[in-house]
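The structure appears right after this line, and notes come after that.
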Amino acid sequence: MKQRILSWVFLGVLACWGALSVIAEDRYLYFTWEITNGTIYPLGFPQQGILINGQFPGPTIEAITNDNILVNVINKLDEKFLITWSGIKQRRTSWQDGVLGTNCPIPPNSNWTYKFQVKDQVGTYTYFPSTKIHKAGGGFGGFNIAQRSVISIPYPAPDGEFTLLIGDWYKFNHRELRRRLDSGKHLPDPDSLLINGQKNAAVFTGLPGKTYKLRVSNVGLSTSFNFRIQGHDLKLIEVEGAHTIMESYTSLDVHVGQSVTVLVTLNGPIADYAIIASSRFTGPNLLNTTAILRYAGSNTQSPIPLPQGPPTNDVQWSMEQARTIRLNLTANAARPNPQGSFHYGTIPVVRTLILANSEAEIDGKLRYAVNGISHVNPNTPLKLADWYNIPGVFDLNTIKDVPPPEGTPAKLGTSVIGFTLHDFVEIVFQNNENYIQSWHMDGSSFYAVGFDNGTWTPDARKTYNLIDGVSRYTVQVYPKSWSAILVSLDNKGMWNLRSAIWERRYLGQDLYLRVWNNEQSVYTETLVPPNELYCGKAKHLPKS
């Protein structure tokens, strides 16, 4: 009897310890964000911007792996609004993804609370508005996830870190840009690049001899940029949640929607040094902006001339650099197992998609298409329609796995491709246009295994990197070129696969991946959130 009592006491202690461990590791972070219009001055004159708690850019979220995030978004705009969490996988919670395929937008003068966990993730991410073209007015910010204390990192701990949000900017506000797209016209060329919402003004101060982590994200609408720091090497350590082999670069290309993390050691004379971002693949319309890396105690301005980047339109230079970025197979990720323990190159592919982007004219207006379909978001979110079996919202036959025959006119449609949970898929992005593309996937990271000039053929698989390709969530596709990815679709839900270039996404270069099985289990997907918003054909559904 005594032994049995001791056993129960021991089990009780273990249970309490386990509960305390969960509490200690899986924190809850609470945020209240008020979204308002406000006056900003990024180019030196007043513009209407979108602010979060009065800030432009918005506040940076600093999280730790497995934290639970709750963000109460209060929409004080005169338009519906949503925020998406770029690169956050939303394990089992596509309800929280914040795009029109998964969520009803938040009406004016109301609020909605996002609740999700940054499960098994570490790295540099961003958030931004996903509706209309609100991103052109602001509403974006950084989202950084640090590793848990029990997980080692594959580089010396830095002495500090800075978040750099770099992107193109227009002198026109988001309403004017939207009117232009709605009328069937292209957007104009951007007017500038900004660093943290400023042109030639941001300052980052560090101590001489110390090493700093710089989290760099392209938050622009359309423009790739080259990033460099005068007199300093950039040691690449992470790309979009994956630790990389630590190569040093004098400059790095960062494409729309992408994030990179570098280490920079302040090993020069005490002075100010220029941080430079310059546009890529923009023809003669070169954009430049600078910030300052300031050594504490400096009273010396940046020496001139500033270092030049690669030739503006040198695609081959950028492609060769991209091929040098490799996964660190021995590094831990957000969990203690090495990143290289998932041998993606040995898994059989069950399905191949070849997705070709194109520019089109439909009903006399500019549109963009994927495999001949220019995506239109229905009034009912695809996720709600799928969950409640609401007919007439989408089908799985509108868009095909391969492009239509050449010369087939593009048409409007709602593009959803169906997959079975855990399918391992090859996706080829074929770009037959003269403009660089950038593709983003929600819900999963993928392995970027190959890219080259020309048209993809099955023989191109012989060139794939099947060993240490980088796991990421955004991939560039160079002009008149292709890029290939491999992805395990192991996250059940309705997931957006979109152009990260906003004009293209807004006008139809967009689709959804339905990852599904016939088992309803909270282990693979959560139930409908109790605060779910209902709209369109789902408007009559219960609010609980």
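Write out the chymotrypsin sites (Phe, Trp or Tyr not before Pro) in region 372-424 meeting two conditions: DSSP loop, and at most 16 other Cβ atoms within 10 Å of their Cβ. Numbers along the way, then the final one.
Values: sites: 387, 388, 394, 419, 424; in loops: 388, 394.
Those satisfying the criteria are 388.
Provide the per residue accessible area, probe 1.4 Å, for region 200-325, rounded to a whole number of square angstrom.
Working: 4660 Å² over 126 residues.
Ligands and nucleic acids excluded, the result is 37 Å² per residue.
Can you pull out the GluC sites (Glu not before Pro) in region 448-529 whose DSSP state is coil and whose Cβ has at most 13 other Cβ atoms within 10 Å? Could the numbers behind the result be given before it?
Working: sites: 503, 519, 525; in loops: 519, 525.
Filter output for region 448-529: 519.
Membrane-span-like helices in the chain: DSSP H runs reaching 15 Å or more (Cα, own axis), mean Kyte hydropathy at least 0.5?
Working: long enough: 2-25 (34 Å, 1.16).
Taking the DSSP H segments of the chain (at least 15 Å long, mean hydropathy at least 0.5), we get 2-25.
Show 273, 435 ordered by accessible area, largest first, where the area counts protein heavy atoms only and the probe is 1.4 Å. Intermediate values should be presented prior to the final figure.
On the way: 273 20, 435 140 Å².
Solvent-accessible surface, decreasing: 435, 273.
Which ³J(HN,Hα) values in Hz, rounded to whole numbers, follow from the phi angles of region 162-169 under the Karplus curve 6.51 cos²θ - 1.76 cosθ + 1.60, where θ = phi - 60° and Gly and Pro get x?
Taking θ as phi minus 60°, the curve returns 10, 9, 10, 9, 10, x, 6, 8 Hz for region 162-169.
What figure in square angstrom, to the nearest 10, would you give for the accessible area of residue 185 with a 1.4 Å probe?
Approximately 120 Å² of residue 185 is accessible to the 1.4 Å probe.
Step through the table entries 89/199; 80/537; 365/539; 89/383; 185/411, compare each Cα-Cα distance with 24 Å, and write down the pairs that go over it. Write down the numbers at each step before the final one.
Working: 89/199 32 Å; 80/537 18 Å; 365/539 31 Å; 89/383 16 Å; 185/411 18 Å.
Distance filter (> 24 Å) returns 89/199; 365/539.
Apply the a/c threshold of 1.5 to the C-alpha gyration tensor of region 440-481 and tell me whether it is rounded, prolate or oblate.
Details: a/c = 2.41, a/b = 1.36, b/c = 1.78.
Note, shape of region 440-481 comes out oblate.
Quick one: Karplus J couplings for region 394-401, per residue in order, coefficients 6.51, -1.76, 1.60, θ = phi - 60°, nearest Hz, x for Gly and Pro?
Computed from phi, the couplings for region 394-401 are 7, 9, 9, 10, 5, 10, 9, 6 Hz.
Please give the charge dipole size of region 287-427, origin at the Cα centre, charges +1 on K and R Cβ atoms and -1 on D and E Cβ atoms. Round to the nearest 20 debye. Please report the intermediate quantities before stating the final value.
Details: 10 positive and 11 negative charges, 101 e Å.
For this selection, approximately 480 debye.
Looking at this model, which pairs from 235/492; 76/135; 400/480 are more than 24 angstrom apart at the alpha-carbon?
235/492
Would you be so kind as to identify which of 192, 59, 165 lies farthest towards the positive end of the dipole of the chain, taking Lys and Arg as +1 and Asp and Glu as -1 on Cβ and the Cα centre as origin?
Projecting each Cα onto the dipole axis, the largest value belongs to 59.
For region 334-415, state which trypsin sites (Lys or Arg not before Pro) are in a DSSP loop and have at most 15 other beta carbons lying within 10 Å of their beta carbon.
400
If I compute solvent accessible area with a 1.4 Å probe over the protein chains, what percent of it on the chain is carbon and sulfur?
Details: 12190 of 22470 Å².
After summing per-atom areas, the C and S share lands at 54 percent.
Place a +1 charge on the Cβ of each Lys and Arg in the chain and a -1 charge on the Cβ of each Asp and Glu, then give the dipole magnitude about the Cα centre in debye, rounded to the nearest 20. Spell out each step's value before the answer.
Numbers: 48 positive and 44 negative charges, 184 e Å.
For the chain, the charge dipole is close to 880 debye.
Mind checking which of 413, 494, 475 is farthest towards the positive end of region 390-544's charge dipole, using Cβ charges of +1 (Lys, Arg) and -1 (Asp, Glu) about the Cα centre?
Going by the Cα projections, it comes out as 413.
Would you work out which of 286, 266, 305 lies farthest towards the positive end of the dipole of region 209-319, given +1 charges on the beta-carbon of Lys and Arg and -1 on that of Asp and Glu, about the Cα centre?
266
Would you mind pulling out the separation of the Cα centroids of region 252-266 and region 348-373, in Å?
Answer, in whole Å: 30.
With every protein chain left in place and a probe of 1.4 Å, what is the accessible surface of residue 514, to the nearest 10 Å²?
40 Å²
If DNA, RNA and ligands are ignored and the probe is 1.4 Å, what is the ranking of 41, 295 by accessible area, most exposed first?
Values: 41 140, 295 0 Å².
Ranking 41, 295 by accessible area, largest first, yields 41, 295.
With contacts defined as alpha carbon pairs under 8 Å and 6 or more residues apart, what's the relative contact order of the chain in percent? Present the calculation step by step, with values, prior to reporting the outcome.
Values: 1388 pairs, mean separation 73.3, N = 544.
After rounding, I find 13 percent.
Please list 3J(HN,Hα) in residue order for region 485-499, calculated via the Karplus relation 6.51 cos²θ - 1.76 cosθ + 1.60 where θ = phi - 60°; whole Hz, with x for glycine and proline.
Couplings: 10, 10, 9, 9, 8, 9, 10, 5, x, 10, 10, 7, 10, 9, 6 Hz.
Taking amide hydrogens as modeled 1.01 Å from N in the peptide plane, which residues meet the under 5 Å criterion relative to residue 84, leaving out close sequence neighbours?
Close amide H contacts, sequence-distant or interchain: 128, 130.
Given H placed 1.01 Å from N in the peptide plane, which residues other than close sequence neighbours of residue 356 have an amide H under 5 Å from its amide H?
371, 430
The values are calculated or read from the model by the stated rules, or taken from the named source; none is laboratory data. For clarity, every value in this text was computed on a predicted model and none was experimentally measured. Heads up, the Cβs are rebuilt from the backbone with ideal geometry, glycines too, and the neighbour counts pull from every protein chain shown. Ligands, DNA and RNA are stripped out before the accessible areas are found, and what is left, the full protein with its side chains, is counted by its heavy atoms. Shrake-Rupley method; radii C 1.70, N 1.55, O 1.52, S 1.80 Å.
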